[in-house]
Amino acid sequence: MASHPRSSAFFILQLSLLPTILSLQANAAYYDISPVECGCPDQYEVTMRLYLHQFVAGPNHPNRNEEFVIASSYPNGFGTTLVNDWYLTTTPSPNGKVIARAQGIHVQAGTTDANSWYTSFNIVFQDDRFNGSTLQVMGIILAQNFGEWSIMGGTGEFTMAHGNIKFRVDTRDSTSEDAIRELEIRAVYTSITQLAF
Ligand SMILES: *[C@@H]1O[C@H](CO)[C@@H](O)[C@H](O)[C@H]1NC(C)=O
């Protein structure tokens, strides 16, 4: 036995680790995350940085690209609904080339908070590269200067898209009329090109 000093040392090490291992098991996570091994030849990931221009509604805002469609008499404006046709460019300048439009709605859906907006819209691309393809977006807009939306689907180039959009208000370039949000778009999709109608 004297010829195996390392194995007895190993045994002692194992004993000393036992309480740690048991406590790790007691606190075992209720979830597990692992990478998906996927041999999907037609799957792609796209990332984009775009600037969303919300020309806010209001009588003194002739360039507005959203309109009130449902007014509310409930506390906190609960139920107030606007339709939006915001647009996206590649730089903070509102005069840049329009890459896509964000067409949909936002609804004040907070009973205890005046700024808890539900939004869903289509990002409809109109540039040369992705013309006609869309991303379906859904999420929350709060009073804070940043947030995150889900990408729930897509069409055309972006068929079966899923991903997210992280955004923050560009406080430096925004004006009283144009609320500019910098968007970091990330989506995985399966491009389906064989069907043509
Ligand atoms: C995008 O597609 C529409 C409809 O097919 C077409 O009228 C328009 O010229 C296209 N725009 C670009 C930039 O290719």
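The values are calculated or read from the model by the stated rules, or taken from the named source; none is laboratory data. Source: prediction; values computed, not measured. Cβ atoms come from the backbone with ideal geometry, glycine included; neighbour counts cover every protein chain shown.
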Assess whether N131 counts as being within 16 Å of the ligand (Cβ to nearest atom) and either surrounded by fewer than 18 Cβ atoms within 10 Å (Cβ to Cβ) or assigned to a strand (DSSP E or B) (or both). yes
Of all residues in region 89-108 being buried (at least 17 other Cβ atoms within 10 Å of the Cβ) and of a type in the set (G, A, S), the one that is farthest from the ligand (Cβ to nearest atom): G104
Can you tell me how many residues in region 164-188 are assigned to a strand (DSSP E or B) and in contact (Cβ under 8 Å) with a residue 40 or more places away in the chain? 12
Looking at region 113-130, I want the residues that are free of Cβ contacts under 8 Å to residues at least 12 places away in the same chain and have a partner that is part of a loop (DSSP other than H, G, I, E, B) with Cβ atoms under 9 Å, at least 6 apart or on another chain. Which pairs are those? R129/I99
Within region 115-128, residues surrounded by 14 or more Cβ atoms within 10 Å (Cβ to Cβ), more than 16 Å from the ligand (Cβ to nearest atom) and either outside any strand (DSSP E or B) or not hydroxyl-bearing (S, T, Y) (or both) come out as W117, F121
Would you mention how many residues in region 49-89 are among the polar types (S, T, N, Q), in a strand (DSSP E or B) and closer than 26 Å to N131 by Cβ? 3
Taking region 134-176 and the residues there that are of a type in the set (F, W, Y) and at pLDDT 95 or above, the one that is farthest from the ligand (Cβ to nearest atom) would be F146
Restricted to region 68-88, and to residues that are hydroxyl-bearing (S, T, Y) and within 19 Å of V137 (Cα to Cα), which residue is surrounded by the most Cβ atoms within 10 Å (Cβ to Cβ)? Y87
